[in-house]
Amino acid sequence: MRLRHRTILALDVTDPNRARSVARAVAGDVDAIKIGWALLLSGGRDLIKEVASLGYFLCDFRTSEIPNTTRLIVEQVAALGASGIITQGFVGEDSVRAAVEAAGDAEVFVITEMSHPGGAQFTAPHSEEIARIAVRAGAAGIVAPATRPARVRALRAIVGSRLILAPGVGAQGGTASEAIAAGADAVIVGRSIYEAADPREAARGIAAEIRAAGH
């Protein structure tokens, strides 16, 4: 993943036409577009491939399965044109390794700790060991919460130079500048961009915030 803007759009919409419009508007102002199950189920494989053609497609199907099922899912995701794939780390090292091995040329990012309040309840107590699993399995990086910058800082000490992608900016209360200052390489932003009157300007504003903070 080439990080020019240090911003990733989470395209969590279910209207295919809206998804196309937002993706085309911001493609040149974000480093990746993250797509999850909601848009796949509403728009289908053709829409996913269409968005993937715009740039770096980060597939967020966050597999949480046994190794064989993980492999099957990741192979299908890679066939859709994914440049990056997000998987859950709590399922254990064997499943994370299966994702990395099945991804081919695509990068794998492991969720260590989720950004919502429930993430502090269940994933946070184990996130540092999950980060070590990501390193041992050869993942390209991890996903850590922008809503809790101190956790990003702690996980950076474990993953070294691997990428940290931080969701939770905007609607969930995290800020881009704090997440980057804590050690994140890029922030993942959804509603603050796709619900904006001008999504392109919203994306540019987040990148400008990061630059203004000297990062």
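Each reported figure results from applying straightforward, stated rules to the coordinates on display, with no laboratory input. Note that this is a predicted model, so its numbers are computed, not measured. Neighbour counts are summed over all protein chains in view; Cβ atoms, including those assigned to glycine, are modelled from backbone coordinates with ideal geometry.
Taking amide H as placed 1.01 Å from N in the peptide plane, residue 187 has its amide H under 5 Å from the amide H of 7, 8, 166, each at least 5 places away in sequence or on another chain. Residues in the range 54-69 carry Karplus couplings, in order, of 7, x, 6, 9, 9, 8, 10, 8, 5, 3, 9, 10, 5, x, 5, 5 Hz; the curve used is 6.51 cos²θ - 1.76 cosθ + 1.60 with θ = phi - 60°, and Gly or Pro positions show x.
What is the sum of charges around residue 38, taking Lys and Arg as +1, Asp and Glu as -1, for the other residues whose C-beta is under 11 Å from the C-beta of residue 38? Result for the local shell: -3.
With an a/c value of 1.5 or above and a/b not larger than b/c for the gyration tensor axes a ≥ b ≥ c computed over the alpha-carbon atoms, the chain is described as oblate.
Taking square-rooted eigenvalues a ≥ b ≥ c of the alpha carbon gyration tensor, is the range 56-160 rounded, prolate or oblate, where a/c under 1.5 means rounded and, failing that, a/b exceeding b/c means prolate? Prolate, since a/c reaches 1.5 and a/b exceeds b/c. Using only the Cα atoms of the range 112-204, build the gyration tensor, take square roots of its eigenvalues as a ≥ b ≥ c, and label the shape rounded, prolate or oblate: rounded if a/c is under 1.5, else prolate if a/b is larger than b/c, else oblate. Here the range 112-204 falls in the prolate category. Loop-resident GluC sites (Glu not before Pro) (DSSP state other than H, G, I, E or B) in the range 72-174 with no more than 14 further Cβ atoms inside 10 Å of their Cβ are absent. Each Cα pair under 8 Å and six or more residues apart adds its separation to the average, and for the chain the resulting relative contact order is 18 percent.
Lys and Arg at +1, Asp and Glu at -1: add these up for the other residues within a Cβ distance under 15 Å of residue 100 and post the number. My count for the surroundings of residue 100 gives -1.
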